[in-house]
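The values are calculated or read from the model by the stated rules, or taken from the named source; none is laboratory data. Just so it is clear, the model here is predicted, and its values are computed rather than measured. For neighbour counting, all protein chains shown are included, and Cβ atoms are generated from backbone atoms with ideal geometry for every residue, glycine included. Side chains included, ligands, DNA and RNA excluded: accessible areas come from the protein's heavy atoms. Shrake-Rupley method; radii C 1.70, N 1.55, O 1.52, S 1.80 Å.
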Amino acid sequence: HTSNDTIANCGAPAFFYSAVKTSVATLAEMARPFKILTDRSSYACGSGIGVLVGDRDLDTDPGLAETVIVEAWSDTEPTPESITLNERSANSMLFEGVVPTTLSAPNGGDGQISVAPGDVVTVRYVDALDCDGTTGASHTATAHIDCTAPVISNVAVSGITGAEATITWDTDEPA
């Protein structure tokens, strides 16, 4: 932290934009500074879960891309696994990675989270010193596991010409 890292500054957008030093699109994906999020709310069984952590005081060497450890667990594997996230680039203060998932039985320490249909996966980042001065602040993000493929029905073709056609269908899940 620096002398400018005050409660007032942490809530000021100008401070956040200058501290993170990245694009507006990246800031929008965080939604709020110094937290954790998954890149989607739902994942297929066995797919990796994208995770992003933003924390300016984790970037202790502006010339080096650094790492941070997060913990992840599921309803099927309640004992957390440690997952390493890598800084996007030197001095970006944004750390990203993938939490691997598997349908196999839990095997503690294998770096994968065992999941089953309907599980919730939780990823936790513990901030040593949060922006408001709280030590050991725990931040979590969750994602749902959906192992059931959508059912497609009522497939129809209309407007057929030599150059195009319209195909419509219904599914039992939103796109």
task = Working carefully through the options Arg40, Arg124, find the one that is of a type in the set (Lys, Arg) and either assigned to a strand (DSSP E or B) or more than 19 Å from Ile145 (Cβ to Cβ) (or both).
result = Arg124
remark   = Residue count, the range 60-88, condition surrounded by fewer than 13 Cβ atoms within 10 Å (Cβ to Cβ), more than 15 Å from Tyr125 (Cβ to Cβ) and of a type in the set (Ser, Thr, Tyr), comes to 2
task = Determine, yes or no, whether Val115 is under 22 Å from the mean Cα position of the chain (by Cα), surrounded by fewer than 16 Cβ atoms within 10 Å (Cβ to Cβ) and within 15 Å of Gly48 (Cα to Cα).
result = no
task = Could you please give the count of residues in the range 125-175 that are within 17 Å of Arg40 (Cα to Cα), open to solvent by less than 60 Å² (accessible area, probe 1.4 Å) and among the small types (Gly, Ala, Ser)?
result = 2
message = Can you tell me which condition Gly54 does not meet? The list is (1) farther than 21 Å from His144 by Cα; (2) within 12 Å of the chain's Cα centre (by Cα); (3) open to solvent by 20 Å² or more (accessible area, probe 1.4 Å), and all the others hold.
response = (3)
Number of the condition not met by Val98 [criteria: (1) of a type in the set (A, V, I, L, M); (2) surrounded by 15 or more Cβ atoms within 10 Å (Cβ to Cβ); (3) modelled with pLDDT of 95 or more] = (2)
note = Asn91 vs (1) within 12 Å of Thr122 (Cβ to Cβ); (2) crowded, with 17+ Cβ neighbours inside 10 Å: all pass except (1)
